[in-house]
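Beneath this line is the structure, given in structure tokens, with notes to follow.
Nothing in this text is a laboratory measurement; each read-out follows from the coordinates by a stated rule. Computed from a predicted model, the values in this text were never measured in an experiment. Cβ: placed from backbone, ideal geometry, glycine included. Neighbour counts: every protein chain shown.
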Amino acid sequence: MYVRDAKNREEVWLLDRLDQLGIEDPAFRSRDYVISIDETSGEKAGFGRIRIHPGDPEVCELAAVGVLPEWRDQGVGAHVIERLIAHAGDAGFDELYVVTDQIDYCTQLGFEPVSSDALSDPLAERLTEVRKNVSADAIVLTIEIDDFEMPDRLRERFKAAGRKDIEPESVDTSEADSLREEFGIDPEAATYKYDTGR
């Protein structure tokens, strides 16, 4: 499995998956998305994007993250989020926000709740919108970009994702990790097959 930027030709696939999962994205542009792909089958497993809210200061929000049902509980969503956190950092942001009712999922990745009275105007508006249209239980959480660290168990699940012959906890990556290190790849930080620097 790896995560890469979406290609323009994947627009229809993304729109169909957003519809399938009931995710609304009124500002949809395929080039804003990343996609998780099984390198063996080429099957797409999950996706997501960041949304930048203008203002002073600008606010970066994790948005439209989805994992197809057959790929859930395999670390796919966490690695999509990891890639999006890197994108937010590359865009110059120090922190990333998410408006969600999936609180336990986000806190396991290091996100922390934000008090409603501490929200900037764009985030307060987003929270109201999400509570009205998606879930009354939604809250705003945040993470410092530099503080994000992928939990080992989710990294192992992702390495084993799509492999029906092994359990994620039984993956022996020591030989593969040593090969990656020979080529200068940090096996703890790499989450996608090719880094083109874009």
* Asked: If the label point is 7 Å along Cα→Cβ of Asn133, which residues in the range 42-70 have backbone nitrogen under 17 Å from it?
  -> 49-54, 61-66
* To do: Could you list Ser41, Ser36, Ser135 in order of exposure, starting from the residue whose Cβ has the fewest other Cβ atoms within 10 Å?
  => Ser41, Ser135, Ser36
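So if we plug the beta-carbon distance of Ile103 and Asp19 into 1/(1 + (r/R0)^6) with R0 = 30 Å, what FRET efficiency do we get, rounded to 0.05?
My answer for the efficiency is 0.75.
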* Asked: For Val12 and Glu70 in one chain, what is 0.36 nm times their gap in residues minus the Cα-Cα distance, to one decimal in nm?
  -> 18.9 nm
